[in-house]
Every structure is written in structure tokens, then in C-alpha cells.
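See structure below.
Read-outs: derived from the displayed coordinates by stated rules, not from any lab. Not measured: the values here are computed from a predicted model. Positions of Cβ are backbone-derived with ideal geometry, glycine not excepted, and every protein chain shown enters the neighbour counts.
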Amino acid sequence: MTTPAPGTATLEVRALHKSFGALKVLEGIDLSVQRSEMVFVLGPSGSGKSTMLRCCNRLEEPDSGDILIEGDPLTGPGVDLNKMRQRVGMVFQSFNLYPHLSAMGNVTLALRRVQKKSKAEAEDLAIAALAEVGLSDRAGHHPAQLSGGQQQRVAIARALALKPTVMLFDEPTSALDPELVGDVLDVMRTVKDHGMTMLVVSHEMKFARDAADRVIFMADGAIVEQGPPEQIFGAPTHDRTRAFLSRFHG
Amino acid sequence: MEQIIQQFFNVEIMIKALPLVIKGLGITLLICAVVIPMGAIGGLFAAIGSLSPNRAVRWLSIGFVDLFRAIPPLVLLIFIYAGLPFAGLSLSPFVAVTIGFFLNNSAYFAEIFRAGLLSVPRGQTEAARSTGLSQAQTLTYVTLPQATRNVLPDLLSNVVEVVKLTSLASVVSLGEMLHAAGLVRSLTYNASPLILAAGIYLLLLWPLVRVIARFERRIAS
Amino acid sequence: MEQFLDTFLNPVVLAKYTPAILQGTMVTVILSVLIVLCGIGLGAGLACIRAYRVRLISFVIVIFADVLRALPPLVVILLMFFGLPNVGILLSASVVLFIVLTLVLAAFAEEIVWAGITATPKGQWEAARSTGLTFTQTLFHVVLPQAMRMVIPPLTNRAIAITKMTALGMVIGVPDILGQATTAQSFSANASPLTLAAIAYVVLFLPFVIASRWLESRFASPGA
Ligand SMILES: Nc1ncnc2c1ncn2[C@@H]1O[C@H](COP(=O)(O)OP(=O)(O)O)[C@@H](O)[C@H]1O
Ligand SMILES: [Mg+2]
């Protein structure tokens, strides 16, 4: 992989539009995430956060706009989508681990079939990724034998093992029992500390305050405001942001 | 009572019929060995087609499946075996049986695989595609293994149906088990060879029927 | 093309044998309706009897259902048609076909309805019994109505598959669609009667196949 020109964003979204039928879900999103930055996305349910994230991996096809990974386009003619997807890791709210494969099998599948690594090489990489999420002793377990928190950590390892340029998290802790949330957040913190670029949709406000470099507030398919966490949480400028945040302070 | 034993459970006649019936069993198993894999593969492709985003492919696949679910397999078989020769296309009984059962069977396997593929949550495909697996790889390594496991009882059930279906081959004089038993019956005017064949079918299929019942109970609970 | 039509859709042959095949269609329809009504009725009845869980009776029902699901129907048809006269029981080909297919459908229907009954949560039985309903009342007013949802799609599929087997009657000389068509085919030395038979079956069964597809998508449990 070539090093991008200095000043190039790791993830760049330009004028992204997306509708489902008559429903306009994204109405011109512009966003750039710098190398090793952790950007948090907040917003009411239905505001288009998931759709934006899914467009960044083309699980949803954008209607118009550009998505660039280190300057390389993700959309447009001649793009090798499967190759580009290797550079964009995705972590889902519902984990989506493959139930018929062990933790090891989950992590090695794309390493072997897409990156064409040998079995031994893939397993070494998988063990390293599982160690990073603190689960090297669970490599042989199937998803059904793991707690929700452990499943989500395996899912993070699955994305991490491919050495992506940027990782997308869609409410990674929303499906978890409260006592399991901490482990997953700790793992995300470690991943960040190792220099990963991360775009995170989540309502873990405390974590956002502590760990995020920047917070974005979205509503009705558009970015309403953004800034460092102290500013967004401490002195939001928009009414909608204030209204949204007040519900979380209870 | 005496008469019933004489007419249906005549051991002497059964022993006489045994070599021919066993030979027929071999042909029965041969038909199964050819038709089951072919039908499963044909059905899998039809199932994938029936879920295709391409409208034409989807309707063609569904049309194929529905057509061959509507036509009785015996009608298909006789059409192929006795009808096609009029167009100059004479097929051996074995080839006619293979083609007829393949078409019939693909339709049934297709419905089962389709249900199986639909039972796999969408998130599985999304997770696989998000790691860069192609559509074909996702199917091979992620969705199909889960789909197959989810419909295993139905797949096994269909295997039982195929074994039973092979008895129709007797109608076109392919010497499978029922044909062999029927032949001895017509020579001896005694139904015991048919009982013998029935016994062998039971021996072959009853365990499978039980296994399926157990599977179904486990999945239901 | 011309030769193809001559062989498979010959107008002269079609004109001559269409009445016979229409007659055969009537036979197929009547047999099918009787088999579906009696087979499902008998099967559902057996499943209800099994719900009372009397050991010996349940055992007999299970054996009945297993054997008829494991045996090829054609074997049973030949056995009855050729075997019974030897012990002094004479039945016409149509009656043999009706009896065998009714029993086969009953065997499958019993298993399907039974699965529906056992899949109904235990809490439903307990709730109904706690309000003073008898076992029989609970079965008929609470459990069976709920089981229907689960039972109708597989029952429809099975009923179609088994009524299609009326074509097996041709082997013992039932004058149904296929029986009429094979006779006509051998007299006319032309494949058109067989084409006509295939069309007749498609016209007869395709609507049910399509309906079953619709039923399945309608009754498909959410999240499945
Ligand atoms: N596949 C889809 N088809 C139709 N509408 C959709 C689809 N996915 C999302 N939507 C709609 O788009 C809007 C935004 O959804 P989403 O991006 O999931 O919001 P968020 O993640 O912020 O809650 C919602 O109104 C949702 O109902
Ligand atoms: Mg969402």
C-alpha cells in the first residue's frame, strides 16, 4: 500500500445523498476523518447514522456523492469493491458472527479467502487479533458459547485482523447487557491507542467524552454541528443538539 | 389366515425372488446415487436463481420450480420415455428416469434450499461482504452452510421421497426393485415378492423417517 | 417446427382424444377431492387421538404413520390391487387408488398436525385448563386454532404432492388423465395425448402450487 499524500484524509465523504424510495435519508453529508482520529456520531434514532456508515462500506449504495479512502474512491467505475472493503472494517450492533464457525474461523475466513493467506499465516494473524481483544483463549469457541460482550470482541477482531485503514462501529454496545458494555469499550480504547482511525455511532456519552477526538451531531440526514467533545457536550450551539443531549443527562 | 400367509408371506417364493429383487435394489440405489446429487445441485441453482435481484432470472427460476411441482413425476417420465421417441429422440429407460427425476427433484430441492437461504439473517451476508468476500464466497462459506443446517430435516425428507420415487421407474421397465418384485409376482400369481420389496423399502427408509422425526422435534424445541 | 407440432400437438389427434382426456380429468378431480378430504380428516383425527397420550394407541398411530411414509405408494397400490383378489377381496382400481393415497396422506397429515399440536406452548394448555376448560375443549378451542397457522403450508404442499400421485392409477388401469392419455397415445401412435395430459395436470395443479407459495410467505413466522 502506498502512503497517501500528506493532508489526505483517511476517510472522506463528500456530498453524500441517499434515499429509500421517496424517503430522503441522507441529504448531503460532508465529513472527513483524519488518520488515527476517533470520531463519534450522535443523533436521534432514524436520523440516518447507520445509513451513512453503511454507505462508507457500500452495504448501501449511495445515490450520489463520493467516498474516498486515503484518496482512493470507493464508488465509481472500475473500483474493485471487495478489495476496497478490506480497507474499511465494520462492526455491527448485532455482532453478525458466523454461528457455524469458531472464533478462529470467523476471523480467518476473509484472511484466507480474500487475502489468500495460507492457513498458518491466517491463524497467526487471527491469534494476534484475538489477543488484542483479550480473547486468545477463546479461539476454539463457537459464537453460541460466548457472551454477548465476547461475541462483539470477536467481531472486532474479525475486522481488525484484515488491517483496515478505518473502522466503522454501528452502535457496538447497544445489544449488550449493561455489565458487558465496559469490556467492549475497553477494547475500542485499545484499538484507538494503537492508532486506528475510527468512526463510531454510539450513545455511550461518557466514553465519547473521554475517548473521542471529535463529536458529530446528526439530525434528519444532515450534520447539524460538530466539534471537540468538550464543546459539543459543554456548550452545544444548536437547539436540536441541546434538546437531544438533555435527554441523556436526565 | 392360512390363505393370507400363503398369498402374502410365502417364504419359498420370497427366497426364489430374492436374487432378482436384490439385483433390483442395486439399480434402485444406483438411480438414487445419480439423481440425489443432481437434483440437489439443480435445486440449489434454482433456489439461488429464485432469490436473484435480476427479475428475469428470478421469474424463470420460480417458473421452473412451480411447473415441475405441478406435473406428476410419472407423467413427466412417460412423456420423456414414450413421447419423445415420436420426435426421433429415443432414450434408454435409465436416461429417461434420470432426466425425469432430475427435473422433478430439482424443483423440490429448490424449494427447500430457498427456505433455508431465506432463514439466514441478512446481517450474515452484510458481515461477510463488509470483509470483502465476494457474493459467491459469501454463499459458499457463510450463508449456504447455515441454510443447509437449518433445513436438514427437509433435505433428508426429500431424500426419502427420492428413494420412494425410484419405484416409478418400474413403469418404464427399468429393472429396479419394484419392477423385479412385480415380475416375479406376475410369474407366480403370488403377492409375496411385493411384500419382500416392501420389507426392503421399510428396512431402508424407516430408520431415516425416525431420524427425521427426531431432528424435527429438536429444532421445534 | 411443423413436425414438432405434428408430433406433440397434432390437431387431428387432439380433436379426437380431448373428450377422453376431459373424462380422465373428471376422474382425477373427483379422486383428488375425495383423497384430500378423507386423508386430511383422518390424519387430523389421528393426531387429536394421539394428543390424549394413551400409550398403546399412540404407538399404533406412530407405526401406521411411519410405515406409510416409508413405503413407496406404488408398492402399496400393487400389493392391494394384485394381492387382495387372491384372498377373495375384489376392489376396483379406482377404489384401491383412493384407499392407498388417502392412507398415505393421512399418515403425513397426522405427523404435520401432531407437530403443530406439540409446538403450541405449554402455557396455552395451562391457561385454558386453569379456566376450567376440559382437555377436549382446550384441544379444539385453544390449541388446534393456533396450530393451524403452522400446519397449513406444509399440509398444502403435501396434499398437492399426494393428489398428483393419482397419476399412479394408470399402472393398474384407472381411467384418469394419464390412463386415458397413455391409451390414446398407443392407439394414435402420436405423442399429442401425452402433451395434452401434461397440460391438463399443469392447469389443474399449478394454481394450487402458486397458492401454496403464497400461503407460505403469508404464514412464514416473522424472524424466521
Ligand atoms: N433498507 C431500508 N429501506 C427503507 N428505509 C430504510 C432502510 N434502511 C433505513 N431506512 C430508513 O432510513 C431512515 C434512517 O435510518 P438509519 O440510518 O437506520 O437511522 P439511525 O441509524 O440514525 O437510527 C429511517 O427512517 C429508516 O426507517
Ligand atoms: Mg442505526
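Distance from a point 7 Å along Cα→Cβ of C:Lys122 to each backbone N in segment C:38-61: keep the residues under 19 Å and list them by number. The answer is C:51-54, whose backbone nitrogens lie closer than 19 Å to the label point.
Ordering B:108-120, C:75-87 by mean Cβ neighbour count within 10 Å, with the highest value first, yields B:108-120, C:75-87.
Inter-chain neighbour count for C:181-187: the average number of beta-carbon atoms from partner chains within 10 Å of each residue's beta-carbon is 2. Spin-label pair A:Ser147-B:Gln135: with each label point 7 Å from Cα along the Cα-Cβ axis, the two points sit 4.1 nm from one another.
Report the Rg/Rh value for segment C:63-106, based on alpha-carbon coordinates and the Kirkwood definition of Rh. Provide the component values of the computation, followed by the final result.
Values: Rg = 10.5 Å, Rh = 10.7 Å.
When Rh is taken as the Kirkwood radius, the ratio is 0.98.
The angle between the Cα long axis of helix B:93-119 and the longest principal axis of the Cα atoms of chain B comes to about 40 degrees, rounded to the nearest 10. Applying both filters, DSSP loop and at most 15 other Cβ atoms within 10 Å, to the chymotrypsin sites (Phe, Trp or Tyr not before Pro) of segment C:16-76 gives C:Tyr52. Shown here: the protein assembly as shown, whose C-alpha atoms stretch 99, 72, 50 Å along the first, second and third principal axes, sorted largest to smallest.
Step by step: find N for segment C:2-220, compute 2.2 N^0.38 Å, then divide the Cα radius of gyration by it. What's the final number? Spell out each step's value before the answer.
Details: Rg = 21.3 Å, N = 219, 2.2 N^0.38 = 17.1 Å.
Cα Rg divided by the expected 2.2 N^0.38 Å: 1.25.
The shape of segment C:69-155 comes out prolate: with a ≥ b ≥ c from the C-alpha gyration tensor, a/c is at least 1.5 and a/b beats b/c.
Arrange C:His141, B:His179, A:His17 by Cβ neighbour counts within 10 Å, fewest through most, would you? Could you put the intermediate results ahead of the total?
On the way: C:His141 12, B:His179 22, A:His17 16.
Sorted ascending by nearby Cβ count, the order is C:His141, A:His17, B:His179.
Counting every other Cβ atom within 10 Å of each residue's Cβ, A:His194, A:His100, A:His203 order from fewest to most as A:His194, A:His203, A:His100. By the compact-protein rule of thumb, 2.2 N^0.38 Å, the alpha-carbon radius of gyration of segment A:70-207 corresponds to a ratio of 1.03.
In plain terms, if you count all Cα to Cα distances in segment C:101-224 and split them into 5 Å steps from zero, the share in each step is 2, 10, 14, 15, 14, 11, 10, 8, 6, 5, 3, 2, 1, 0, 0 percent.
Quickly rank B:74-83, C:115-124 as a protection proxy: mean count of other C-beta atoms within 10 Å, highest first. The partial results should precede the final answer.
Details: B:74-83: 23.3, C:115-124: 15.3.
Ranked by mean Cβ neighbours within 10 Å, highest first: B:74-83, C:115-124.
What whole-number distance in Å separates the alpha-carbon centres of segment C:196-220 and segment A:159-225? Cα centroid to Cα centroid, the span is 51 Å.
Take the alpha carbon atoms of segment B:17-75, find their radius of gyration, then divide it by 2.2 N^0.38 Å using N residues; give the quotient. Don't jump to the answer; show the numbers that get you there.
Working: Rg = 16.7 Å, N = 59, 2.2 N^0.38 = 10.4 Å.
Here the Cα radius of gyration is 1.61 times the empirical estimate.
Averaged over peptide B:55-64, the number of partner chain Cβ atoms lying within 10 Å of each residue's Cβ comes to 0. Calculated over segment A:48-128, the projected area of the Cα convex hull averaged across directions stands at 6.8 nm².
Can you pull the mean other chain C-beta count within 10 Å for peptide C:74-86? Working shown, then result.
Values: counts 11, 14, 3, 1, 10, 8, 2, 2, 8, 9, 3, 3, 8.
Mean partner-chain Cβ count within 10 Å for C:74-86: 6.
Translational diffusion of segment B:84-176, estimated by Stokes-Einstein from the Kirkwood radius over alpha carbon pairs at 10 °C in a medium of 1.306 mPa s, is 101 µm² per second.
The calculated FRET efficiency for the pair A:Val79 and B:Arg149, based on their C-beta separation and a Förster distance of 30 Å, comes to about 0.30.
Once you sort the root eigenvalues of the Cα gyration tensor of chain A as a ≥ b ≥ c, which label holds: rounded (a/c under 1.5), prolate (a/b larger than b/c) or oblate (the other case)? It would help to have the intermediate numbers written out before the result.
Values: a/c = 1.77, a/b = 1.28, b/c = 1.38.
Judged from the Cα gyration tensor, chain A comes out oblate (a/c at least 1.5, b/c at or above a/b).
Based on alpha carbons, the Rg and Dmax found for chain B are 21.1, 73 Å.
Please work out whether segment C:165-205 counts as rounded, prolate or oblate from its C-alpha gyration tensor, where a ≥ b ≥ c are the square roots of the eigenvalues and a/c under 1.5 means rounded, while otherwise a/b larger than b/c means prolate and anything else oblate?
oblate
Label points 7 Å out from Cα along the Cβ direction at B:Leu51 and A:Arg209: separation in nm? A separation of 4.6 nm, rounded to one decimal place. Plainly put, segment A:178-248 has a radius of gyration that is 0.99 times its Kirkwood radius, both from alpha-carbon atoms, as the Rg/Rh ratio. Going from the residue with the fewest nearby Cβ atoms within 10 Å to the one with the most, A:Asp30, A:Asp170 rank A:Asp30, A:Asp170.
The chymotrypsin sites (Phe, Trp or Tyr not before Pro) of segment C:153-207 include none that meets both conditions, a loop assignment by DSSP and at most 16 other Cβ atoms within 10 Å of the site Cβ.
A:Asp210: net charge of surrounding residues, Cβ under 10 Å, Lys/Arg +1, Asp/Glu -1, itself excluded? Local net charge: +2.
Quote the convex hull volume per residue of segment A:1-141, based on C-alpha atoms, as a whole number of Å³. Don't jump to the answer; show the numbers that get you there.
Details: hull volume 22.0 nm³, N = 141.
Enclosed volume per residue, from the Cα hull, is 156 Å³.
Between B:Val11 and A:Phe248, the modelled label-to-label distance comes to 8.5 nm, taking each label 7 Å out from Cα in the direction of the beta carbon. For the Cα atoms of chain B, what angle does the longest principal axis make with the long axis of helix B:11-50, in degrees from 0 to 90, nearest 10? Orientation of helix B:11-50: about 20 degrees from the principal axis.
Sequence-distant contacts, meaning Cα pairs under 8 Å at least 6 residues apart, place the relative contact order of segment C:2-220 at 34 percent. When Rg and Dmax are taken over the Cα atoms of segment B:127-184, they come to 20.0, 63 Å. Could you give the angle, 0 to 90 degrees to the nearest 10, between helix B:152-165's Cα long axis and the longest principal axis of the Cα atoms of chain B? It is inclined by approximately 30 degrees. Peptides B:193-200, A:232-239, A:76-83 ordered by packing proxy, namely the average of other Cβ atoms within 10 Å per residue, highest first: B:193-200, A:232-239, A:76-83. Dipole magnitude for segment A:1-97: computed about the Cα centre from +1 point charges on Lys and Arg Cβ and -1 point charges on Asp and Glu Cβ, it is near 240 debye. Using only Cα atoms, locate the centre of segment A:60-133 and the centre of segment B:165-193, then give the distance between them in Å, rounded to an integer. If you average the Cα positions of each part, the centres end up 58 Å apart.
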